[in-house]
Structure formats: C-alpha cells, structure tokens
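Undergrad: Following this message is one structure expressed as structure tokens.
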Amino acid sequence: MSNSETVLGFNDNWARLIGMPVVAFITPIIFLNERFQEGIITYVISFAVSLAFTILLWEGNRQLMIYSHKKFDKAGLASKRLMWQAMATVVFASSTYLILDPIICTFLKNDPGQTYNNMIGGFSAGLFNSILVISIYEAVYFMKRYMHSAAEAEQLKREMVQSQLETLKNQVNPHFLFNSLNTLVSIIPDDRDVAVEFVRKLSKVYRYILEINDRELILLREELEFLNSYIFLQKIRFGDNLVVKMEIPEHLLEHQVVPLSLQMLLENALKHNVVSTEKPLHIEIYIGKNDQTLVVRNNLQLKQQVLDSTGTGLKNIRNRYHFASGREVETIVTTSAFIVALPLINKPLAA
C-alpha cells in the first residue's frame, strides 16, 4: 500500500483516471455555456484548457489533502483539518486561476480574463473542480474510516469480552484457588480470626469479578476497594516479602479505570518476579504527572523461567483502554523497575 493510499484511506488511481476527463468535459458546458454547435474545434480547445485546469486543480488539492491529513492526524482534529483544507483550497484555486488565466489568454489570443468566455465562469469552474474533488475524497475517506472504526470496535469488543473471561478464568484457575486454600489451611490453626477475614476477602474478590464482568469502566474507588482485598490475600501468603504502597488523593477516586487492570498488573508482578526474604517485591501505586495517569511500579527481579507467560494480560489492558477511552497505556522498563501508567478517565458512567 502506497503512502498516499494510507493517508487518503483508499487507492484513488481509478478516480483520477476517470474523474479528471469527466469533470473537464462537463465544466465548460455548465459554467461557460459552451455548446457543440459552436464548432467541434472550439469545444476541443475549451475541453483541452478545462482538462489542463482540472488536472492541475485535482492534483494540487489532492496534495493539500494528503498534507492536511498528516498535519491533523490526531483524534479530535477533524474539524480543524476541514477548516484548514477549505481555506487552502480557496486560496489555491484562486491563485491558480489568477496566475494561469492571463497566460492562457495570451496563448489563445483572447482578452485577459476571458479564457472561458468570461472570468466569472472560469473562476467558478475552478472552485467547482476543487470542491468536487474534496467532496469525493472526503466522502470516501469518512466512509472508509467509519467502516474501519466499526470493524475495529467490534474486534475490540470481542477482545474485551475475551479479556474479561481470561481474567475470570485466571482468578478461578486451580493455581490461584490451590494457593488460597493452602494459605487458609496454614493460618486456621494459628489465628482463626485472620482465617475468617481471609475467607471474607476471598469472597469479596470473587464477588467483585462476577459483578463487573460486563462493565467497561469502573470508579477508581471501587477498583481500589477490590484491590485491597486482593492485596490482603497476597500479603497473608507472602508476608513481609511483599510490600505494597498506595498514595491516591481523595479527589481522584471518582475517576474511572478499566476493571481489574490494577489486579492484573499486581498479578503479573507476582508471577514474573522473585518474592522472597532476600528479595522482597516492592509495588507502588501512585498518581502520575498532572493527575492524568495511575502508575503501577515494581522493582525488577525477574524469575529465570515463568510458566504460561503469554503476554496477553497487558495487551488486553491496552486494548480495553483504547476501546473505552481512546487513550494509550504507557509501559516503561528499566534495569531496576517495571512501570505501567494507566490513563485516568473522567467521563459519566453508564447507568
């Protein structure tokens, strides 16, 4: 696929090959009142001039569109792009006509400004050509974008459902349940009160997973309440070998995050890193710059081998964030730390 095709959204070779002669053919008839009865030679000359203008205007406006699409390629800039493009088109069409009209008049030995029988007709024809080209390209572009967005949204919906099911499966998988039951068995003889609290937290974890399975976003406050239950279970298992610190300002708790994103990041940190007395795992959860992101950071002490490491967890988080907000998840890996910045979303939640 060529660079221009990527920018414009479609291969326009056929549109140019067919469109230019058609537009050049009808322009003298519509705007310049040219008729075949005036003589075929006269019309051929008008058509030739019209075709030259059409090619120049078509290709010029095409390049302006490619430039504007690159310049305003970010989401939310479509209105600015169209406004810039409209102004650039008017300036380009006007300049082209004003520059070339005297040249063609001299070549055809006509009075200046009378290349197409009258200046107003020629000027109107130039604007018509430009507007027609822009309309064709923008209509096809928006149609292609709509079809692509619809297909992408459907794909992301499927991935979101798969992610939720994957998360639920991971949480209910035999390893998690086996570890939790083993931990419970070990603490029952020593501290029944802690054992009872462990069962309550475990129940909250599973209930939360079942309740949010079809939700796109959730309040940060709710996600952190669930996360505290999950951390409690892991702290009972790992003891002081796991250190989790959270610093979240109260005024940001009504923002939203993708459900289970924090839990999945903590689970990944526990899964991929050594957690021992000699090498405690430190996990920090805090707010990034300008209150725009929620950062999860852990020290890096990778296990030599991690079983069942597919890399789908972080990918699913990225996909769900992209689908829910259009914003991206940032990942930073250094020699000593693994850092993930989740966008904080602030928009009305569906009832």
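The values are calculated or read from the model by the stated rules, or taken from the named source; none is laboratory data. Model, not experiment: these values are computed from the prediction. Here Cβ is always computed from backbone atoms with ideal geometry, including for glycine, and neighbour counts include all displayed protein chains.
Undergrad: Which residue pairs have Cβ atoms under 8 Å apart, sit 6 or more places apart or on different chains, and have a first residue in segment 265-290 that is closer than 22 Å to His255 by Cβ and a second that is among the polar types (S, T, N, Q) and at pLDDT 95 or above?
TA: Going by the 8 Å Cβ cut-off, the qualifying pairs are Ile283/Asn298; Glu284/Asn298.
Undergrad: Of (1) of a type outside the set (Ser, Thr, Tyr); (2) modelled with pLDDT of 85 or more; (3) at positive phi, Leu294 satisfies all except one. Which?
TA: (3)
Undergrad: From the list Arg215, Arg200, which residue is without any contact (Cβ under 8 Å) to a residue 60 or more places away in the chain and within 18 Å of Ser325 (Cα to Cα)?
TA: Arg215
Undergrad: Okay, moving on. Out of curiosity, is Ala139 part of a helix (DSSP H, G or I), under 30 Å from Asn13 (Cα atoms) and modelled with pLDDT under 80?
TA: For Ala139, the condition - part of a helix (DSSP H, G or I), under 30 Å from Asn13 (Cα atoms) and modelled with pLDDT under 80 - is not met.
Undergrad: Can you tell me which of (1) over 30 Å from Ala150 (Cβ atoms); (2) surrounded by 14 or more Cβ atoms within 10 Å (Cβ to Cβ) is the one Ile317 doesn't meet?
TA: The one condition Ile317 does not meet is (1).
Undergrad: Please work out if Leu77 is in contact with a Phe, Trp or Tyr (Cβ under 7 Å, 6 or more places away or on another chain) and at pLDDT below 75.
TA: In short, no.
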